[in-house]
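The values are calculated or read from the model by the stated rules, or taken from the named source; none is laboratory data. Because the structure is predicted, anything quoted here is derived from the model rather than measured. With ideal geometry, Cβ positions are generated from the backbone for all residues, glycine too; neighbour counts draw on all protein chains shown.
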Amino acid sequence: MLTPNTALIDALAAIHTTITEITQEQGTFRQSDDKLIEKLPAFTRVVLTSTPGPGSYICHEIWLPDDWNGLFIGTGNGGMAGKIVYSGLVSYVRQECAVINTDLGTSRGRSFGVNNPDVIRDFGWRATYLMTVAGKLITEAHYGKPIEHAYFLGGSTGGQQAFSLAQRFPKEYDAISAGVPAHNRLALHTYFLWNFNMLKKTGATFTVEELARISQHAVAFARENGMADAGDPFVTRPYVTPEIVERFMAYLKENDTELSEVQRTALKALYLGPINPRTGKQLYTGLPLGAEVRGADARCELLSWQKKECPRIYAFSWTVGEDFTGEGFDFDADLDEIYAAEALDMNANDPDLRPFFANGGKFFIYSGSADPIVPFPETVKYYDRLVETVGLDAALEGARYFIIPGQDHRASVTHYGDAVMNDSITVHNLLEILRLWREQGIAPDAFRMATEFNGIRVEKTIHAYRTPQNPQINCIFSDGEYQR
């Protein structure tokens, strides 16, 4: 078991971090919600807290297997976080990795972020950084030897963490995986609020059956317009433009007489995405065509926008106030206030990854084409800006981006089983992809993989974006960083 010495305690104190608990575990572990995890190897569990500012309280947890393979793994959180995510700890400790997770400093709830810049900073980047530095110190002290390779893997909010690490702390990880990444964080919350307000403004509501029918129409429309492959139960290439939105609205009017004009008006606003009412500038992309009835964990995202209060507006309430419900929001002046207070810490949009690449870093990014929670076009736009900044060759050398057809917020190249990388290498998980790339120099060019919708499974081959097989995409994008 880890026995902290003075040097370790002092090193942790220098980053405002203390060890609060050390236990030896073997076989099973009971989470705080009383869920029992079984079939675990012997490991040392270390609980940490960080208080880098007067308004901070961050929790971290690291698992250190008795049989260690030399790898240090940082894992991401999701949503507003607020708790340790044990699934990643379990997965990687079983693979003999030292693995850590953080609650991002939001365990006290949404209200503690109101007028608290420390919570905004911790959530945006500082908790992830402190988790990493503290985790490395403890790992090397525990095993008495250096870490061989450090990898970070996260999705959604964990994808934002991944982007922030690559941009802010380019030497901390050898390779990073960012799935369905919420890197354009404040613009994403603008999208959530826009969709909520458009439904309230128009008075439109939808049932699951209606949304499923709209998705079926979207697939039929896509097939007629070269946006879906024959046999695919989803829109294969939902590269929507305003002109395509207009055509799909006309298609719905002709082919689904049960939908009302009010519903079509609301849908159009959702597909087009949030727009500054004064300048006409695009603030974020819109709902992907074919993602109407999708979400994550069997939840339909569009249904959540029909609730009494807009979901996931915690970032806005931290500036506007605890009682903020989202109604009556000004997508011009009110956004100015939020961006002025939060953008520096919350957004991870810097396309200059040259410091990360110079350190040998590899960045594996992926999105689901049918993800209504974090729509893929914003990450397409980020990658285009990366190419403009560093050049196409350097971008592809250090960062590969894959758009996975038909998958939503749970997207992964191995979500429906093993994938074959580059026509010859079977990969079982994302860590294998990172290790092949960083340790053996085998860059991911393509994956042959399974994807599925409505119980229909198809096999697809997907290629890295901005390669000859997957060229630049014309779609609805925001104007990059927020502009009035």
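The table that follows gives values for the structure above.
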{"item": "Filter result for the condition that a residue is modelled with pLDDT under 95 and not assigned by TED's automatic domain parsing to the domain that holds residue 436, over 208, 262, 235, 219", "result": "208"}
{"item": "Flag for residue 64 being in contact (Cβ under 8 Å) with a residue 12 or more places away in the chain, buried (at least 18 other Cβ atoms within 10 Å of the Cβ) and farther than 18 Å from residue 127 by Cα", "result": "yes"}
{"item": "Subset of region 200-254 (residues that are under 27 Å from residue 381 (Cα atoms), in contact with a Ser or Thr (Cβ under 8 Å, 6 or more places away or on another chain) and part of a helix (DSSP H, G or I))", "result": "222"}
{"item": "Hits in region 285-310 - residues which are assigned to a loop (DSSP other than H, G, I, E, B) and surrounded by fewer than 18 Cβ atoms within 10 Å (Cβ to Cβ)", "result": "297, 298, 306, 307, 308, 309"}
{"item": "Failed criterion for residue 120 (all others in (1) within 28 Å of residue 3 (Cβ to Cβ); (2) β-branched (Val, Ile, Thr); (3) within 19 Å of the chain's Cα centre (by Cα) hold)", "result": "(1)"}
{"item": "Unique residue being in the same structural domain as residue 58 (by TED's automatic domain parsing) and either among the small types (Gly, Ala, Ser) or in contact with an Asp or Glu (Cβ under 7 Å, 6 or more places away or on another chain) (or both) when the list is 73, 138, 84", "result": "84"}
{"item": "Residue ranges of strands (runs of 3 or more DSSP E) in region 372-484 with at least 3 members touching a Gly at 6+ places or on another chain (Cβ under 6 Å) and either outside the structural domain of residue 303 (by TED's automatic domain parsing) or under 19 Å from residue 181 (Cβ atoms) (or both)", "result": "446-453"}
{"item": "Residue match in region 106-113 (condition: closer than 21 Å to residue 21 by Cα and either among the charged types (D, E, K, R) or part of a helix (DSSP H, G or I) (or both))", "result": "yes"}
{"item": "Region 395-435, subset of a type in the set (Asp, Glu) and more than 21 Å from the chain's Cα centre (by Cα), residue nearest to residue 79 (Cα to Cα)", "result": "418"}
{"item": "Filter pass, residue 191 being of a type in the set (Phe, Trp, Tyr) and either surrounded by fewer than 20 Cβ atoms within 10 Å (Cβ to Cβ) or outside the structural domain of residue 320 (by TED's automatic domain parsing) (or both)", "result": "no"}
{"item": "Candidate set: region 15-43, residues that are exposed (fewer than 10 other Cβ atoms within 10 Å of the Cβ) and not in a strand (DSSP E or B); chosen: the one modelled with the highest pLDDT", "result": "35"}
{"item": "Which numbered condition residue 337 fails, given (1) assigned to a helix (DSSP H, G or I); (2) surrounded by 14 or more Cβ atoms within 10 Å (Cβ to Cβ)", "result": "(2)"}
{"item": "Residue list for region 156-178, restricted to those being in a helix (DSSP H, G or I), in contact with a helix residue (DSSP H, G or I) (Cβ under 8 Å, 6 or more places away or on another chain) and polar (S, T, N, Q)", "result": "160, 161, 164, 167"}
{"item": "Members of region 428-444 found to be in contact with a Ser or Thr (Cβ under 7 Å, 6 or more places away or on another chain) and either touching a residue at least 60 places away in the same chain (Cβ under 8 Å) or within 27 Å of residue 358 (Cα to Cα) (or both), listed by number", "result": "429, 430, 434"}
{"item": "The listed residue being assigned by TED's automatic domain parsing to the domain that holds residue 127, at pLDDT 95 or above and in a helix (DSSP H, G or I), out of 93, 46, 99", "result": "93"}
{"item": "Residue among 123, 72 that alone is of a type in the set (A, V, I, L, M, F, W, C), within 23 Å of residue 183 (Cα to Cα), in contact with a Gly (Cβ under 8 Å, 6 or more places away or on another chain) and touching a residue at least 60 places away in the same chain (Cβ under 8 Å)", "result": "123"}
{"item": "Number of the exception - residue 268 against (1) surrounded by 15 or more Cβ atoms within 10 Å (Cβ to Cβ); (2) more than 23 Å from residue 208 (Cβ to Cβ); (3) of a type in the set (D, E, K, R)", "result": "(2)"}
{"item": "Flag for residue 122 being assigned by TED's automatic domain parsing to the domain that holds residue 153, buried (at least 19 other Cβ atoms within 10 Å of the Cβ) and farther than 24 Å from residue 141 by Cα", "result": "yes"}
